[in-house]
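To keep things clear, I will list the structure first and then write my remarks on it.
The values are calculated or read from the model by the stated rules, or taken from the named source; none is laboratory data. All of these numbers come straight from a predicted model, not from anything done at the bench. A quick note on method: Cβ atoms are made from the backbone with ideal geometry, for glycine too, and the neighbour counts reach across all protein chains shown. Quick note on the areas: whole protein, heavy atoms, side chains included, nothing else; ligands and nucleic acids left out. Shrake-Rupley method; radii C 1.70, N 1.55, O 1.52, S 1.80 Å.
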Amino acid sequence: MILVNPHSGRGQALQLFTGHIQAMLTEASVSYTLVITEHQNHARELVRNADLSQWDALVIMSGDGLLFEVINGLMEREDWQQAIQTPLGILPGGSGNALAASIHNYSQLPPAWNEELLLSCGFMLCKGLVGSLDLVSVHLASRQRLFSFLSLAWGFVADVDIESEKYRHVGAIRFLMGTLVRLASLRVYQGRLAYLPAKEVPKPSKKNVKATHPMSTSLCSSFPCHLIPNVSPKQSSLTNCTDMNINQNSITNSSNVITNMRPETQSNSMTTSLVDSLLPSLDQQVPENWTVVNEEDFVLVLAIYQSHLAEDLWTVPGAMADDGLIHLFYVTAGISRPALLRLFLAMEKGSHLACGCPHLVYEKVRALRLEPISQQGMITVDGEVVEYGPIQAQVHPGMAKLICG
């Protein structure tokens with residue numbers, strides 16, 4: 001199933017799909033159902049209640065916000081453990097397109113933007129390899145829990161993301177415009193930050209890695225398919241399915257359609273709640289093995305779990321979709337406007353960490369807690385505004401499945 005938000009980005013997601021992706025899927029003999037979302041949380045409601053056995057993957061043609069809806073809809077199901085194993089795909093149709101840019105980067109391809117990035121993601125969708133995707137469990141003061149695949153931001157980054165919404169019609173350049181506006185009246189936020197440092201674990205040598213059999217979750221699980229040569233052991237093939245009926249393709253605004261049926265699977269433990277074992281209650285102190293940041297005056301705090309924060313912001317050059325890490329950045333008060341601008345300009349090439357800025361700190365962590373002291377401000381999760389107040393999060397490695405290259 002492909003979900004398209006026709007209002008995302010510059011409002012051209014549907015046209016981009018029909019103009020570029022539709023022919024690729026037809027050529028690759030991939031059948032699909034196209035669902036056009038009609039309102040906020042439409043996708044969340046749809047996947048929360050749908051019979052997912054009718055589809056082999058959920059693909060989003062939008063910005064990152066629609067995938068946030070889909071993931072949280074899946075995690076709100078009683079059978080969330082099975083549902084979250086449904087492969088997720090992304091086709092860039094928004095302004096930021098951070099996950100799409102990250103997936104492209106993980107494939108070790110040269111940087112791409114706009115339609116070139118869309119074609120790259122379309123090719124990966126047709127190629128059909130599945131890898132793992134970390135999810136981060138986020139707890140708010142109201143005891144609400146959200147699941148995040150991209151980022152948690154407070155301060156400058158959150159301000160730019162939300163305040164630049166008024167420039168959405170100009171596309172990705174909205175973030176540059178928002179950055180310049182916010183730099184003109186730079187704010188400092190007071191708060192307390194603590195985190196659980198990640199212990200470095202040596203990665204296995206590639207020469208010792210052997211190919212594995214395809215995973216059961218596959219775009220073509222009902223048809224003959226085989227593993228593509230030279231595939232990463234964390235990926236399985238979703239391609240080489242030549243028996244699909246292209247005439248099954250359809251477009252709809254409702255969820256009462258089916259294509260690509262696959263065998264139904266069941267589990268006896270679907271009502272089990274996911275345990276965040278690294279997180280104490282928000283009203284308790286953090287454990288002794290956590291690091292408490294001495295500074296209380298911040299310009300920004302950014303926790304990110306992908307390589308890119310936007311198409312043109314290569315925030316964590318060494319990140320992977322399943323590295324089991326939260327990459328924590330924070331910038332302390334005292335940084336000048338030109339220095340902050342230089343950091344974001346350097347981030348376009350992933351060289352910001354080499355700038356030697358004394359106000360920029362980068363840590364690899366497994367969990368974190370942020371307690372704002374300033375009465376006013378914004379916190380975003382995957383670019384969506386959430387309740388302002390104490391917030392904490394922990395990573396769950398490889399919890400979801402991602403169509404990648």
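How much of the accessible area of the range 1-119, probe 1.4 Å, is carbon plus sulfur, in whole percent?
46 percent
Could you give me the radius of gyration and the Dmax of the range 1-53, taking only the C-alpha atoms into account and expressing both in angstrom?
In Å, with Rg to one decimal and Dmax whole: 12.4, 33.
From the Cα gyration tensor of the range 277-337, with a ≥ b ≥ c the square roots of its eigenvalues, which class applies: rounded if a/c is under 1.5, or else prolate if a/b is larger than b/c, or else oblate?
Oblate, because a/c is 1.5 or more while a/b does not exceed b/c.
Just to verify a number: FRET efficiency for residue 190 and residue 143, C-beta to C-beta distance, R0 = 30 Å, to 0.05?
The calculated FRET efficiency here is 0.80.
Could you provide, to the nearest whole Å², the per residue accessible area of the range 1-79 with probe 1.4 Å?
That works out to 35 Å² for each residue.
Taking a label point 7 Å from the Cα of residue 333 along the Cα→Cβ vector, which residues of the range 148-164 have an amide N closer than 15 Å to it?
155-156
For the range 42-82, state which GluC sites (Glu not before Pro) are in a DSSP loop and have at most 12 other beta carbons lying within 10 Å of their beta carbon.
Here the GluC sites (Glu not before Pro) that fit, given the DSSP loop and packing criteria, are 78.
Would you mind calculating the gained length between residue 342 and residue 275 on full extension (0.36 nm times residue separation, minus the Cα-Cα distance), in nm to one decimal?
Answer, rounded to one decimal: 20.1 nm.
Accessible area per residue, 1.4 Å probe, Å², for the range 296-405: what's the number?
Here the per-residue accessible area is 35 Å².
How about the range 133-168: which trypsin sites (Lys or Arg not before Pro) there are in a DSSP loop, with at most 13 other Cβ atoms within 10 Å of their Cβ?
143
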